[in-house]
1. So for the range A:62-154, what percent of the C-alpha to C-alpha distances run longer than 23 Å?
2. Just counting partner chain Cβ atoms within 10 Å, what average do the residues of peptide B:72-81 show around their Cβ?
3. Can you pull out the chymotrypsin sites (Phe, Trp or Tyr not before Pro) in the range B:1-84 whose DSSP state is coil and whose Cβ has at most 13 other Cβ atoms within 10 Å?
4. May I ask for the angle, rounded to the nearest 10°, between helix B:3-23 and the longest principal axis of chain B, with both axes built from Cα atoms and the value confined to 0 to 90°?
5. Kirkwood Rh, Cα Rg: Rg to Rh for chain B?
6. How crowded by other chains is B:13-25, given as the mean number of beta carbons from other chains within 10 Å of each beta carbon?
7. So what's the protein assembly as shown giving for Rg/Rh, alpha carbon basis, Kirkwood Rh from the mean inverse pair distance?
8. A:Ala145 versus A:Asp26, label points 7 Å from Cα toward the beta carbon: distance in nm?
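Throughout, read-outs are computed from the coordinates displayed, never taken from laboratory work. Predicted, not measured: the structure shown is a model, and the values here were computed from it. So basically every Cβ, Gly included, is an ideal-geometry build from the backbone, and we count neighbours across all protein chains shown.
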Amino acid sequence: MPDTQALRQKVKDDCLRRAQALFPDDKLVAELAEPQSRWHPFLLRHVFAQSVVLWRRAGHFDVLVDPATGEPVGFENPDGWRECRWIPLAETDVLAMAARTAFVDGQAMAVASLEQGPRGCAEAVLQPRRDGQGVRPLRVRINPARRVLISIEPIGQGA
Amino acid sequence: MSDAQAAAAEAVVWDALKADLWNRGQADRVLTLQHERRAELDSVADEGPYRRVRFALFRRRCDYAAQCNATTGEELSWLFGSLLRGSSDEMDKEQGVALAQEAAQPPPEAVLEQADYQVQGGQPVFVVRWAHHHDGIPVERDYIQALVNGATRRVVAVHRKWHDVDPAPSAR
């Protein structure tokens, strides 16, 4: 009688083989849920049931961390560059979009500059509204065509 | 990097992806974001003044479920449930049977019983079913069934209940 681990491995191998045949271009990862084992009244068998979620690799996401404190200080999402194309954005719009992340307080920060950046992105510098708050300026890049954040990073000497 | 620091960094990933959904007017997708996407710590590298923590991102491709005989390990069924979505009746039946045959590998004693579209979940799904006949006699309850998505031409499920008939008289 095969043990649970062997059955799980068999299901995983079969699943990946079939899925890879269906989606040959995808890099797939199988995540196995907790298996269930029960007596099946119709099949008249002791049945091992395993469900699997198949994930396909879809890029990466970088978080910038202050090595001294371990606190995140910004991020870069390479997928944000996809279909990037310049469309003018209002400063209020840029601030509102950035303020939906934890890095930007929409009340405490203001847009100091906003211009077309590399590859057609919107590049803004956000600064604290009042001096002496210990808040560093941030560079925010946005893909205006898809309205996604590409990156937020502190400006100036590192963390 | 500690577990707490890794968790804080991963929270940034979800925070930013959720912000994008809000910014694109797709706030309704925020609730299912972590069902549809997955982030996995990939690497940590010091870069200039920062530490760059890279997360590999994944998108949910599909779900799969399988059943085996727990005693012998014999496979009883497998199913890519979400791949039934969008099925249609545009595939011709010969192609459907050929695809099902390739996936299910019915043994010589299998007799084709059904090869037609059935409405399942409001959409037409091509169902191919074989019965088990031993020396011309039907074997009750034994069958092999395959489901084919008529739009994508993908076999999305195979169910199998089959046993080798022992013609020798039993003790009973």
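1. Values: 861 of 4278 pairs.
That fraction is 20 percent.
2. Across the residues of B:72-81, the mean count of other-chain Cβ atoms within 10 Å is 4.
3. Working: sites: B:Trp14, B:Trp22, B:Tyr50, B:Phe55, B:Phe58, B:Tyr64, B:Trp78, B:Phe80; in loops: B:Phe80.
Loop-located and lightly packed - none at all.
4. Tilt of helix B:3-23: around 80 degrees.
5. Numbers: Rg = 24.3 Å, Rh = 20.3 Å.
Taking Rg over the Kirkwood Rh, I get 1.20.
6. Values: counts 7, 1, 7, 16, 5, 2, 11, 12, 2, 4, 10, 4, 1.
Other-chain Cβ atoms within 10 Å of each residue's Cβ, averaged: 6.
7. Values: Rg = 27.3 Å, Rh = 23.8 Å.
My calculation puts Rg/Rh at 1.15.
8. 2.6
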